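K.L.:
The structure follows.
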Amino acid sequence: MMMNRLNPCISIPFGLSTDEFQDLIKKTKDWTLMHGGGIRSKNNFSSDSLTVVPFTLLPSVFPKNEFLKAVKIQPLLNELMHKVSRDHEFLKSCLKKTIEVDEFTRKLFTLYETVREEGITQRMSLGLLRSDIMHQMDENGNNIKQVELNTIACGFGWLGILSGNIHRFVLQQLGFLDKLKMLPENNALQGLCLAIIKAWELFNDKNSIVLIVVEDQSVNICDQRFHEFELALQKPELCVIRKTLTQVANEAKLTHSKDLVIQSKRVAVVYYRSGYSPEHYHGEIEWLARLLIERSTAIKCPDIQYHLAGTKKVQQELAKTGVLERFINDPNEVVEIRHIFTGLFSLDLDQNGDNAVKMALDNPENFVLKPQREGGGNNLYNDEIKEVNSF
């Protein structure tokens, strides 16, 4: 993936002394923790403690027209990913080479093929998608570019809202009240939870539950829990439980009618906040749990097709000339979508892959090396790209 670096930001004086500035930072950290901005330590995990989530003290400047463009194009991207997820031949052709070298993706695809051959039990699915957009200034002016599109465990529904609230607090503390109106409204959490509730209603069993599949140790706990709290606020009668894949394997079962039952309750919706990384599958039992869920009548968020549609390889294939037309009929919409794609290059063992490797080795500062993984923290930059032996 090609990068485009922006010029350094210009310093803006606050008129604060060093002590006043440090006091503002401390106050904002406390405010953040007290308003749901907590995260657990990966290195010293404890379910009884939280530390403040990383945040910027002030918002970044983003061109309004480009922001509105990103908002407008999201429904088109949602439609695109839905159609991609339902195109078996396209998914198969995209991932053919990937599954030869990536064991995790191969297991996901094998699970998909197994369920498909048996016959999809639940035709409805729920997509909570997050398109990661960055602002780029190039020779053509301001442009938004899509870094990636996530289809599983899409985080920051709550923390995105919190970021805006932090900035409102800081601007108020600094006396920049006239700037408050420039911060866009963010109702992501409410919208995401409304979608889960809608899926639960479509399942049409008022006694059914929502199952959230979580990691063994949930680090990003506030972002997860606030979804549960919002669901309780919007639909008090809705029961939500959290289980790991291991617990699902040990506690859940399928009825003769393929209903997923856990704690003697039918599961209407399965919302994954786990299952996107190899480390979430300790052995065969977790893969059997994932298969159990996919075989069931529960509405999956996402189902295995959506999961595969969100892989980096599929994104790279969609960026190729002429591919979008397979899914989008309107030529104008094709142009809109293609315009936000950044440079995406495959490392397949062919001429195109060789050319991509040469470009990256010659100018590593212009690229990011991204693996076939979700969840962040896996990318390589700059000279790391030249030094890596395997990925």
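K.L.:
Of the cross-linked pairs 235/312; 300/370; 72/312; 29/181; 72/300; 265/370, which ones have a Cα-Cα span greater than 32 Å in the structure shown?
P.N.:
235/312; 265/370
K.L.:
Another question, then. Among DSSP beta bridges lying fully in the range 254-391, give the percent that are antiparallel, nearest 5.
P.N.:
Restricted to the range 254-391, the bridges split so that about 60 percent are antiparallel.
K.L.:
In addition: Sequence gap at least 6, Cα distance under 8 Å: using those rules, report the relative contact order of the chain to the nearest whole percent.
P.N.:
Computed value for the chain: 21 percent relative contact order.
K.L.:
So what is the diffusion coefficient of the chain in µm² per second by Stokes-Einstein at 10 °C and 1.306 mPa s, using a Kirkwood Rh over Cα pairs?
P.N.:
69 µm²/s
K.L.:
Averaging sequence separations of C-alpha pairs under 8 Å and six or more residues apart, then dividing by the length of the range 198-318, give the relative contact order as a whole percent.
P.N.:
It comes to 30 percent, rounded to a whole number.
K.L.:
To check my understanding: the extent here is largest minus smallest coordinate of the Cα atoms along each principal axis. What are those three numbers for the range 347-387, in Å, largest first?
P.N.:
Projected onto its principal axes, the Cα set of the range 347-387 covers 30, 20, 15 Å.
K.L.:
Around residue 207, under 15 Å between beta carbons, what's the net of Lys plus Arg minus Asp minus Glu among the other residues?
P.N.:
0
K.L.:
Next question. Would you tally the net charge around residue 194, using a Cβ to Cβ cut-off of less than 12 Å, leaving residue 194 out, and scoring K and R as +1, D and E as -1?
P.N.:
Spelling it out: positives minus negatives among the neighbours equals 0.
K.L.:
Using Cβ contacts closer than 10 Å as the measure, can you line up 388, 270 from fewest to most?
P.N.:
388, 270
K.L.:
Related question: Starting with the fewest neighbours, write out 82, 35 ranked by other beta-carbon atoms found within 10 Å of each beta-carbon.
P.N.:
Ranking 82, 35 by Cβ neighbours within 10 Å, fewest first, gives 35, 82.
K.L.:
Also, quick follow-up: If you rank 71, 170, 323 by fewest surrounding Cβ atoms within 10 Å, what's the result?
P.N.:
71, 323, 170
K.L.:
Here is a further query. Could you list, in their original order, any pairs among 69/145; 145/386; 107/145 whose Cα atoms are separated by more than 19 Å?
P.N.:
145/386; 107/145
K.L.:
Given the options 71, 134, 240, identify the residue whose Cα lies farthest towards the positive end of the charge dipole of the chain (+1 on Cβ of Lys, Arg; -1 on Cβ of Asp, Glu).
P.N.:
So the residue we want is 240.
K.L.:
Using helices alone, what [θ] at 222 nm do you get for the chain, with -39,500 (n - 2.57) per DSSP H run of 4 or more residues, divided over all residues and rounded to the nearest 500?
P.N.:
So the helix-based figure for the chain works out to -13500 deg cm²/dmol.
K.L.:
In the neighborhood of residue 49, defined by Cβ-to-Cβ distances under 14 Å, what is the net charge if each Lys or Arg adds +1 and each Asp or Glu adds -1?
P.N.:
Net charge around residue 49: +1.
Values quoted throughout were computed directly from the atomic coordinates according to the rules given, and no laboratory measurement underlies them. Predicted, not measured: the structure shown is a model, and the values here were computed from it. For neighbour counting, all protein chains shown are included, and Cβ atoms are generated from backbone atoms with ideal geometry for every residue, glycine included.
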